[in-house]
Amino acid sequence: MSTLGTRLEGKVAIVTGASGIRSDDLWGIGEAIAILFAREGASVFLVGRNRDKAEASLARIQEEGGEASFFPADVSDNDACQRMVAAAVKTYGKLDIVVNSVANAPDHPTSVVDVDEALWDSIIEVSLKTVMLTSKHAIPEMINAGGGSIINISSIQGVQAGFRASHPYSAAKGGMMALSKSMAVHYGRDNIRTNCLVVGQVHTPHVAVVIPDEARQMRRRAGPLGTEGDAWDVAWAAVFLASDEARWISGVDLPIDAGLLVTTPLAMYPYLKDPE
Amino acid sequence: MTTQGNRLEGKVAIVTGAGATGSGDFVGIGQAISLLFTRQGAKVLLVDRDEKNAEITLAQIKEEGGDATVFVGDVTNIDSCQEMSEAAVKTYGKLNVLINNVGISGPGSVTDVEEEFWDTVIDVNLKSVMLTSKFAIPEMIKDGGGSIVNLSSIVGLRAGGGRPSHAYAASKGGILGLSNSMAVHYGRDNIRVNCIAPGHVNSPMVARHSSDEMMDLRRRAGPLGFDGTPWDVAYAILFLASDEARWISGVTLPVDAGLLAATPLAMFPHLKDPE
């Protein structure tokens with residue numbers, strides 16, 4: 001595990017949302033992406049609001065002989081995004097990859113009828129507007145470097161309805177996929193690739209704190225593969241899309257969901273009605 | 001290009017249509033997949049109707065120190081498909097990965113296509129996926145699961161340029177529907193089924209049948225604006241075949257320079273004048 005790979009050798013990456021909560025050996029998506037990127041040879045700029053929460057990932061990267069730094073920033077702030085990109089370029093000389101991995105979601109069922117307007121605004125701002133803000137400053141630097149890869153962490157809830165209403169989150173994630181496609185087309189000639197990872201019912205620290213064990217099993221059973229996904233499954237897909245192996249892939253939504261998005265409710269009913 | 005890796009270490013793969021279609025470094029998609037797979041540690045059964053072409057791919061692999069075996073077979077023939085899976089298991093002990101890469105095309109809209117030609121295209125492109133899977137899946141289940149990657153096309157999702165080939169479109173769209181259902185119904189057996197939707201890839205087969213002007217338009221129609229190669233397709237298949245994608249099933253991954261994200265008007269400025 002300590003030998004570094006070469007799939008992202010020579011690349012500089014910003015990973016936002018890389019200082020989330022952790023529990024036991026469960027890693028968040030931003031953390032797992034930062035760790036795998038560094039393991040594949042990238043210099044990684046971990047961005048989050050709280051350095052303390054990034055210490056574990058930074059330590060892991062250092063242990064493995066990788067290169068990473070932390071930059072404290074709130075990516076819903078335009079000036080902070082500008083400073084973040086400038087600092088990444090100052091530290092590592094250029095910018096090739098941005099992973100937008102920050103998100104927030106309501107902690108209770110939220111439909112359009114009962115959502116509080118301020119909550120709606122906050123979710124659209126953190127889960128959608130941040131993609132615009134980081135890209136606004138990152139794209140010109142990527143163009144300076146001859147192109148780049150932007151990876152936005154979306155959700156199956158941006159495509160289909162989940163167990164409970166989370167309408168502002170669905171709107172943000174759907175918006176993110178549409179924005180990514182337009183960015184992919186309009187910056188294509190600048191060799192900027194923009195793709196989304198459509199994350200299914202993975203088990204992460206964020207999920208672990210709000211979901212009882214029974215719900216955790218139902219989430220697992222709802223997927224055709226019937227196994228539980230974690231942040232590393234998302235991170236491997238991010239490595240692929242960030243690397244030059246995917247140099248001709250742009251504007252795609254890649255589900256990481258154990259097959260969930262190709263099911264219909266009745267196809268999975270037998271697996272959900274009884275414990276397995 | 002000949003870097004060795006371990007991303008498919010210990011895996012046994014069948015690649016259909018693995019014979020050489022190009023020359024030198026300008027390889028076909030099946031050839032690129034086979035070379036990349038063996039470089040990453042897989043043992044590959046190279047399936048092709050044409051023994052000579054399959055031997056060319058085998059020679060390239062052997063030159064690099066990879067492990068592969070030629071199987072001359074016809075993927076539209078049920079007995080041949082059974083023998084193919086048996087040969088993989090007999091030669092290498094098991095079967096983990098199946099790449100359905102065989103495909104043919106030809107002009108014809110529904111109003112002018114010959115029924116016989118329609119049947120041939122559907123047999124070669126679509127029925128072959130059923131026939132190879134019929135025998136591969138039970139072997140994969142014996143080894144704890146497997147990964148099937150089917151070569152669809154952007155034409156399975158949207159109308160392509162140039163002369164219509166409705167049989168091709170139907171076969172490639174059929175592959176998507178079939179793959180999705182297979183992904184769900186064999187999910188609990190840990191069989192993953194995914195599709196690649198290649199766009200305007202510059203492959204030897206395409207280059208042979210297209211004018212220079214059409215090749216240039218195909219390149220310019222993609223947002224990225226540069227030519228894709230069989231290697232671009234092969235890297236995506238490598239990812240889906242490997243355990244890195246152990247939680248990815250039922251997806252259709254375009255390898256198309258962003259084409260599917262664009263509307264005709266979005267790309268019109270890049271198409272109307274040479275660039």
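Some points to look at:
- Other residues within the sphere of radius under 12 Å centred on the Cβ of residue B:262, judged by their own Cβ, net out at +3 (K and R +1, D and E -1).
- A DSSP coil position with no more than 13 other Cβ atoms inside 10 Å describes the following GluC sites (Glu not before Pro) in the stretch B:75-119: B:114.
- Here the spin labels are modelled as points 7 Å beyond Cα on the Cα-Cβ line, and at residue B:275 and residue B:226 they lie 1.4 nm apart.
- Total charge dipole magnitude, the protein assembly as shown, about the Cα centre, Cβ charges on Lys, Arg, Asp, Glu only, Debye to nearest 20: 380
- Debye-sum result for the stretch A:20-60 in log10 I(q)/I(0), which assumes one identical scatterer on each alpha carbon, at q = 0.25, 0.29, 0.30, 0.31 Å⁻¹: -0.86, -1.12, -1.18, -1.24
- Each label point was placed 7 Å from the Cα along the Cα-to-Cβ direction; for residue B:216 and residue A:108 their separation is 6.4 nm.
- Start at zero, step by 5 Å, and the Cα-Cα distances of the stretch A:59-110 spread as 4, 14, 20, 21, 18, 10, 7, 4, 2 percent across the bins.
- Considering only A:138, A:33, A:6, the residue lying farthest towards the positive end of the dipole of the stretch A:1-139 is A:6, judged by Cα position with unit charges set on Cβ.
- Kirkwood radius, the stretch B:155-267, all distinct C-alpha pairs, inverse of mean reciprocal distance: 15.3 Å.
- Gyration tensor verdict on the stretch A:104-252 (Cα atoms; rounded if a/c is under 1.5, prolate if a/b is larger than b/c, oblate otherwise): oblate
- Size check on the stretch B:61-116: the Cα extents along the three principal axes, sorted descending, read 49, 28, 18 Å.
- When restricted to Cα atoms, the stretch A:195-276 yields an Rg and a Dmax of 14.5, 45 Å, respectively.
- Inter-probe distance in nm under a simple model that places probes 7 Å from Cα toward Cβ, at residue A:94 and residue A:64: 2.3
- Using the Cβ-Cβ distance between residue A:9 and residue B:114 with R0 set to 60 Å, the FRET efficiency works out to roughly 0.70.
- Net charge of neighbours whose Cβ lies under 13 Å from the Cβ of residue A:256, counting Lys and Arg as +1 and Asp and Glu as -1: -4
- Annotation: lysines with alpha-carbon distance below 26 angstrom to residue A:173 (same-chain offsets under eight excluded): A:53, A:129, A:136, A:181.
- A straight Cα-to-Cα reach below 30 Å connects residue B:43 with the lysines B:11, B:52, B:62, B:90, B:94, B:127, B:134, B:142, B:172, residues fewer than 8 places away in its own chain not being considered.
- For the stretch A:105-197, GluC sites (Glu not before Pro) meeting the loop criterion (DSSP other than H, G, I, E, B) and having at most 11 other Cβ atoms within 10 Å: none.
- Near-label residues of the stretch A:176-217 by backbone N, under 16 Å of a point 7 Å along Cα→Cβ of residue B:265: A:182, A:186
- For chain B, the Stokes-Einstein estimate of translational diffusion at 20 °C and a viscosity of 1.002 mPa s comes to 114 µm²/s, using the Kirkwood hydrodynamic radius over alpha-carbon pairs.
- Shape of the stretch A:224-271, Cα gyration tensor, a/c cut at 1.5: oblate
- Size descriptors for the protein assembly as shown (Cα atoms only): Rg and Dmax, in that order, 23.1, 69 Å.
- In this calculation the C-beta distance from residue A:119 to residue A:82 is compared with R0 = 22 Å, giving a FRET efficiency of 0.20.
- For the protein assembly as shown, share of DSSP beta bridges that run antiparallel, in % to the nearest 5: 5
- Equivalent ellipsoid dimensions for the stretch B:136-203 as semi-axes, Å, which come from the Cα gyration tensor, largest first: 29, 12, 8
- Note on chain A: percent of Cα-Cα distances in each 5 Å bin, starting at 0 and stopping at the bin with the largest distance, equals 1, 6, 13, 17, 20, 17, 13, 8, 4, 1, 0, 0.
- Inter-chain Cβ neighbour average for residues A:216-228, partner chain, 10 Å: 4
- Compactness of the stretch B:101-232 as Cα Rg over 2.2 N^0.38 Å, two decimals: 1.16
- The stretch A:81-189 - Debye-derived log10 I(q)/I(0), Cα point model, q = 0.13, 0.20 Å⁻¹: -0.53, -0.98
- The share of Cα pairs per 10 Å bin across the stretch B:22-110, counted from zero up to the longest distance, runs 16, 49, 27, 7, 1 percent.
- Estimated [θ] at 222 nm from DSSP helical runs (n ≥ 4, -39500 (n - 2.57)) normalised by residues in chain A, nearest 500: -13000 deg cm²/dmol
Rule-based calculations on the coordinates, nothing more; no lab input. All values reported here derive from a predicted model rather than from experimental measurement. Note: ideal-geometry Cβ built from the backbone for every residue, glycine included; neighbour counts use all protein chains shown.
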